[in-house]
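What follows is a short report on a single structure.
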Amino acid sequence: MFYKNNAIAVAVLFLMFILSIISNHRVAAQETVLSTQTKDFVTMIIYANTDCSLGGLPTQPPLKVVSFSFNTCYSYGTFSVQIQNIQPYFYTTYDQINCGGAIDNIAFDQSTGKCIKSDASATPYWLVFKIGQPQTPYILSSSYLYYQRVPTTVLTCNMAVTTNYDYQRVVAKPSSCMMNDYPTRTMLTNTGTVSRVTLTHNPTGCTGGTSSNYGSFCAALDSSRIANGMVTFSSPLPDPSVNVVTFGRISILEPAYGLTNVALYAHASWQAANGTSWDHKPGYVFMLDNNMYFNAPMNFTGHFILTIDGYNYIQDKNITTLVSSEFYSPDYPKIQSINIIDVTTKRIEFSYDPTGGFPNPLFDIELLDDQGTILMFDTGSNCPPVYCVFDMLPKGINVTIKVEMTDIAGFVDTLSVTVNLVDPISAFNFTLTPQSSPYPSVNISFQYTGTGFGGCTTCLSIIDTRTNTQQFTSSSLSTSSYLFGLLSPSPTIYNFTANGTNDELTLYPPSQLYTFIGLNFGIKNVTIQSIEITSASVLFGVNDINPTFSLIITDLDSTISVQSSNTLDALLRDTFTNVESSLFYFNMTTYPLLSDFTITVSQKINSSDPNSNYLEIRFDSIGGAPNATNYGYTSDYPKILKGNYSELGVFTDANPILPSGPYSITGQANNTQSILTTTTIFSLYNFPLINVTGSTEFETALIEWNSTGGVPGNITYQVSSIPSDTRNSPYVWCSGMNINSCLITGLVSQTNYSFEIQMLSPIFDPVVLNIDLQTKKYPYNVTCVDYNNGNSQVDCNGHGQCIDSTCLCDDSRTGIYCEIVIPGGNGNGTNGGGGGGSTIDPNPGIPEIIITNDNSYYKFVISQIREVDIDDQIIKLIDLTSFNWTLSNQSNQATSISPSIVKIPITFASQTFYIDIGLLKYTIDIDGWEFNSRLNTLQLVTNVSQPIIDYGECSDKENDDGSFNNIINNATEFTSFYLGKDSAVLGKLINRALLDDIPRKISYRVEQIQVTGEEEQLSVITLVPNFNSRATLDPDMQLLIASSDGGGGVFTFTATTINTPN
């Protein structure tokens, strides 16, 4: 491989151009071999009289074989013969030499192969006719006489033209008397040589007559027109010897084919190496010669085959096919392709595919730039065949590869292809990215610009400039980045130097510096040793001390002012790197100056001896350093020594003189630089005492008291309830200065209450007394007698018992005074009501109600909670219609109820009452309501709806006049309402509630009934007094149904709790 100068390149290109013009002028090759169309011959095989029989098969070889061409006239001196190619076939003889004047016809069928008579004599010759190839002079292991008869249409015998293909072919047994192709004519074969035969023609027999010699080729023709006589040959013909002359042309150089006395024809064919074969010229035969030229297929590897056109009828055998040795007939030389194997920025590797041409062609490979200048070339000495590598080319240019192939025949083919060398890298740089996870480090990422070839190799060097030590070095990094761990405990500056190499091109970017703060650089902790009002002592903890470190405390003056700062921050600064550590924040609040210096005088009862007391004088101040304030005092109180100081700030004196005073005491508080002084005047009084009495009515309580002692004119009294649940705060009923009684209203009858009375006076601890009271019980004629609608002479309208101020009704009655007959009941006080019946199924997942009455319905909605003032104006309101209510089954086991138990006792807010089995019973808790004023109250609005249903004849006739509808009964302990008729809602509302866990009186207001569509509705408004934090209400509802079978009963529900939202 070497470079050419331009002058040589021009000369070579010029010469190659001329050679290309001359060598690439392709002329079509001409075949130099005679050929003619092949045809079928009629062959007449003649047997001696003793060698066959009529219709039989021959038993001996024939005497003579004669092959005729169809439609051709052959002369025999005085007569002629001809066979027309017309079926049925006839062998016809003529009495003239030009096939005129027919003498006889012998009909034959060539398909049988059986003998027929030549004539009607007693000893005829036997004839067999065949149609196909003519007789060949090639007879194995026997010598026969062979000659040809020239047709009458051929005037001149010429063995150099293909007209001889129609000559008659005759093979005859020597020294034999035989039929001269006609039964009445005979011929005697004598002997022969390789160049002649001797025949005697005698029309009457084989004795006498004149013998004639017939030589090879075309001797002078006599009247028999016989030529080309010779003795048949038996030596095998040699296979053709093929010589590839040029592209698409071969020659057969075989002297044995130059027969001196006969023209021999053969079929020509090709057989490829893969076994495929085809005729050279289908339907033609070629005259063999000792120097024949054939047009050959190009790019062919295989055999040339000659198949002799003829058949050995003497021995009934085919002639052996002649096959040449395998040879290669090349195509014109051609560079099929140039295959690029590898391309870099400066190197190209490729192969090329030459085809055709004769062996050992010459190749010329050149590499040219865009201007056609030859960059490199190789003639094959350094570039192996069909493969080349060119290196050290100018980087990234366009290269044209030119491959030229010249074979020994002078033919040339050229192929060029242009290839772009890979663009080299144009720039290299690197970036430094600090990261803290998983450890302090710097990620060095390398960036290459440009395509480049293959992998890039990076050289990296890292130096710690503080210690001037190599921290990392590598000359063969193949990754796109490198993670360098930062291990220096102190701040330092790392110097990063790198270069990048790709395909032997190295680029050097500027080095980069990275400042690292260090692993341990910074303030780790701060210890505040002491703090005063205007000064402090602080110790800073640092892991590593270096002369280049300095401590800086920001936002700090030279002196600390009083209570100056909430948060301070400090940092370290390194002068080598000029790095500052992270700020370390610490709280250091200096203490304020003393303020609010007070002297408190108290008289206290000794907790261990109620009969003794003591005087306590307490000194208090705010500010100053903790536990550093000293108190001093002077007083005219007899037991205080002037100038006495106490760090505790408390002076006590047991059993002081009561009453006495006034006295004066002056105190001083001292804390470092802060000093305060104050003076207090005090007197001593008798200890406070209180006596309490109480009385009650049905719904009120009166508490009265008298007291002694305390500070005259400065005594406050407070009365509050004591809830049983300590989670509820006491409710204050009365509070005021110098009062002596408290009337408590809104209570409920026959209920126990606990009240607390406090007496509060300055310098004394509160005096607390508790009193328990019970409100009076209403007489039964008040709570159990119905003065409004029923029988006012007996309890419970005579249909129940008055127990604990409430009616326990018979099972057929309900209502506050048992005034309501349960539909279907007998109303006589017996346990026979409730014909409809019901079943309670306490399914723990879904409460299920099973009833036997149809069209039973009622709707109960708690719609509002609202706060109102004393003028009944709404202050705030919560709409509950959009809230999601939670219904929960309170029982998870089926309950078996005895038939004798028809009422269930319930106690709420100290009141016992009775409900029917299956009643809808619920409790309402209101938690966390914050009143705007203690004078405000709460209202809970409940809407009850009932459909208007006509049951026809099954209706309760007793109440058809409507008198049983819309009844509102009011009593001392209960309020009730009744809505509906055949299917009615009965509300029995207890006039009590638990407010802050204390039973208190509530009331109800029923709005006017509204009728909307097929429903009638009323609103029950529960009026709840003011409370601290919690209210619990406990109403109940019943649905009364007139059954379709005359019975009736209470519509039963599972026991259910409805929790209202807070």
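Any idea which of 904, 917, 924, 862 is at pLDDT 70 or above, closer than 30 Å to residue 803 by Cα and assigned by TED's automatic domain parsing to the domain that holds residue 1003?
Only one candidate passes the filter, namely 924.
From the residues in the stretch 707-723 that are closer than 17 Å to residue 752 by Cα and of a type in the set (A, V, I, L, M, F, W, C), which one is modelled with the highest pLDDT?
719
Inspect all residues belonging to the stretch 1002-1021 and state whether any of them is touching a helix residue (DSSP H, G or I) at 6+ places or on another chain (Cβ under 8 Å) and either farther than 30 Å from residue 779 by Cβ or at pLDDT 80 or above (or both).
No, every residue in the stretch 1002-1021 fails to be touching a helix residue (DSSP H, G or I) at 6+ places or on another chain (Cβ under 8 Å) and either farther than 30 Å from residue 779 by Cβ or at pLDDT 80 or above (or both).
Only one residue in 161, 150, 171 is touching a residue at least 60 places away in the same chain (Cβ under 8 Å) and farther than 15 Å from residue 226 by Cβ, so which one is that? Write out each step before concluding.
Numbers: 150 fails: farther than 15 Å from residue 226 by Cβ; 171 fails: farther than 15 Å from residue 226 by Cβ.
Being touching a residue at least 60 places away in the same chain (Cβ under 8 Å) and farther than 15 Å from residue 226 by Cβ holds for just one of 161, 150, 171, which is 161.
Collect the residues in the stretch 433-485 that are assigned to a loop (DSSP other than H, G, I, E, B) and either under 18 Å from residue 514 (Cβ atoms) or hydroxyl-bearing (Ser, Thr, Tyr) (or both), keeping them in residue-number order.
436, 437, 439, 440, 451, 465, 466, 467, 468, 478, 479, 480
If you take the residues of the stretch 540-558 that are assigned to a loop (DSSP other than H, G, I, E, B) and surrounded by fewer than 12 Cβ atoms within 10 Å (Cβ to Cβ), which of them is modelled with the highest pLDDT?
The selected residue is 547.
So, in the stretch 260-283, exactly how many residues are surrounded by fewer than 16 Cβ atoms within 10 Å (Cβ to Cβ), touching a His at 6+ places or on another chain (Cβ under 9 Å) and aromatic (Phe, Trp, Tyr)?
The number of residues fulfilling the criteria is 0.
Would a scan of the stretch 693-704 turn up a residue that is out of contact with any His (no Cβ under 7 Å at 6 or more places or on another chain), outside any loop (DSSP other than H, G, I, E, B) and over 26 Å from residue 778 (Cα atoms)?
Among the residues of the stretch 693-704, not one is out of contact with any His (no Cβ under 7 Å at 6 or more places or on another chain), outside any loop (DSSP other than H, G, I, E, B) and over 26 Å from residue 778 (Cα atoms), which makes the answer no.
I want to confirm something. Restricting to the stretch 395-415 and keeping residues that are of a type in the set (A, V, I, L, M, F, W, C) and in a strand (DSSP E or B), which single residue is farthest from residue 346 (Cα to Cα)?
As a first pass, look at the stretch 395-415 and keep what is of a type in the set (A, V, I, L, M, F, W, C): 397, 399, 401, 403, 405, 408-409, 411-412, 415.
Adding the requirement that they be in a strand (DSSP E or B) leaves 399, 401, 403, 405, 412, 415.
Details: 399: 10, 401: 14, 403: 20, 405: 26, 412: 30, 415: 22 Å.
Per the stated criteria, the residue is 412.
Just one of 224, 211 is surrounded by 20 or more Cβ atoms within 10 Å (Cβ to Cβ) and over 27 Å from residue 317 (Cα atoms); which is it?
On the way: 211 fails: surrounded by 20 or more Cβ atoms within 10 Å (Cβ to Cβ).
Checking each option against the conditions leaves just 224.
Where the second residue is surrounded by fewer than 14 Cβ atoms within 10 Å (Cβ to Cβ) and the first is in contact (Cβ under 8 Å) with a residue 24 or more places away in the chain and lies in the stretch 765-780, which pairs have Cβ atoms under 8 Å and are six or more apart or on separate chains?
Correct list of pairs: 767/689; 773/695; 773/752; 774/752; 775/697; 776/697.
Please go through the stretch 58-82 and give me each residue that is more than 24 Å from residue 156 (Cβ to Cβ) and either surrounded by 14 or more Cβ atoms within 10 Å (Cβ to Cβ) or among the small types (Gly, Ala, Ser) (or both), ordered by number.
58, 61, 62, 63, 64, 65
Could you tell me whether residue 846 is assigned to a loop (DSSP other than H, G, I, E, B), on the phi < 0 side of the Ramachandran plot and modelled with pLDDT of 50 or more?
Taking the combined requirement at face value, the residue does not satisfy it.
Has the stretch 723-732 got any residue that is within 30 Å of residue 623 (Cβ to Cβ) and buried (at least 19 other Cβ atoms within 10 Å of the Cβ)?
Quick first cut of the stretch 723-732, residues within 30 Å of residue 623 (Cβ to Cβ) only: none.
No.
So residue 955 passes all but one of these: (1) buried (at least 18 other Cβ atoms within 10 Å of the Cβ); (2) at pLDDT below 65; (3) in contact with an Asp or Glu (Cβ under 8 Å, 6 or more places away or on another chain). Which condition number does it fail?
All conditions are met except number (1).
Suppose we keep only residues that are of a type outside the set (D, E, K, R) and in contact (Cβ under 8 Å) with a residue 40 or more places away in the chain within the stretch 466-486. Which one would you say is surrounded by the most Cβ atoms within 10 Å (Cβ to Cβ)?
The selected residue is 486.
Among 299, 318, which is the only one that is in contact with a strand residue (DSSP E or B) (Cβ under 9 Å, 6 or more places away or on another chain) and either of a type in the set (Ser, Thr, Tyr) or in contact (Cβ under 8 Å) with a residue 40 or more places away in the chain (or both)?
Going through 299, 318 in turn, just one is in contact with a strand residue (DSSP E or B) (Cβ under 9 Å, 6 or more places away or on another chain) and either of a type in the set (Ser, Thr, Tyr) or in contact (Cβ under 8 Å) with a residue 40 or more places away in the chain (or both): 299.
Under the condition of being of a type outside the set (Val, Ile, Thr) and buried (at least 16 other Cβ atoms within 10 Å of the Cβ), which residue from the stretch 520-539 is farthest from residue 391 (Cα to Cα)?
532
Looking at the stretch 980-1001, which of its residues are over 27 Å from residue 930 (Cα atoms) and at pLDDT 70 or above?
If the condition is that a residue be over 27 Å from residue 930 (Cα atoms) and at pLDDT 70 or above, then 985, 986, 987, 988 are the ones that fit.
Scan the strands (runs of 3 or more DSSP E) fully inside the stretch 135-181 and keep the ones with 1 or more residues being basic (Lys, Arg) and either surrounded by fewer than 16 Cβ atoms within 10 Å (Cβ to Cβ) or at pLDDT 85 or above (or both). Steps first, answer last, please.
Numbers: elements: 145-149, 168-172, 176-179.
The strands (runs of 3 or more DSSP E) meeting that bar are 145-149, 168-172.
Determine whether residue 680 is surrounded by fewer than 15 Cβ atoms within 10 Å (Cβ to Cβ) and either out of contact with any Cys (no Cβ under 8 Å at 6 or more places or on another chain) or among the polar types (S, T, N, Q) (or both).
The answer is no for residue 680.
Does the stretch 229-252 include one or more residues that are closer than 24 Å to residue 60 by Cα, assigned to a strand (DSSP E or B) and among the charged types (D, E, K, R)?
Looking through the stretch 229-252, none of the residues is closer than 24 Å to residue 60 by Cα, assigned to a strand (DSSP E or B) and among the charged types (D, E, K, R).
Search the stretch 569-597 for residues being among the aliphatic types (A, V, I, L, M), more than 19 Å from residue 519 (Cβ to Cβ) and in contact (Cβ under 8 Å) with a residue 60 or more places away in the chain, and hand back the single one that is surrounded by the most Cβ atoms within 10 Å (Cβ to Cβ).
594
So which pairs qualify, if the first residue must be in the stretch 724-739 and farther than 13 Å from residue 756 by Cβ, the second must be part of a loop (DSSP other than H, G, I, E, B), the Cβ gap must be under 6 Å, and the two must be at least 6 apart or on different chains?
The qualifying pairs are 724/997; 725/997; 728/996; 728/997.
Within the stretch 392-420, restricting attention to residues that are surrounded by fewer than 20 Cβ atoms within 10 Å (Cβ to Cβ) and of a type in the set (A, V, I, L, M, F, W, C), which residue is farthest from residue 507 (Cα to Cα)?
My answer is 409.
Please go through the stretch 740-764 and pick out each residue that is free of Cβ contacts under 8 Å to residues at least 40 places away in the same chain and either assigned to a loop (DSSP other than H, G, I, E, B) or of a type in the set (S, T, N, Q) (or both).
Result: 740, 741, 754.
Mind checking which residues of the stretch 317-332 are surrounded by 13 or more Cβ atoms within 10 Å (Cβ to Cβ) and not in a strand (DSSP E or B)?
Within the stretch 317-332, 319, 320, 321, 324, 326, 330, 331, 332 qualify.
The values are calculated or read from the model by the stated rules, or taken from the named source; none is laboratory data. Remember, it's a predicted structure, so these values are computed and weren't measured experimentally. Note: ideal-geometry Cβ built from the backbone for every residue, glycine included; neighbour counts use all protein chains shown.
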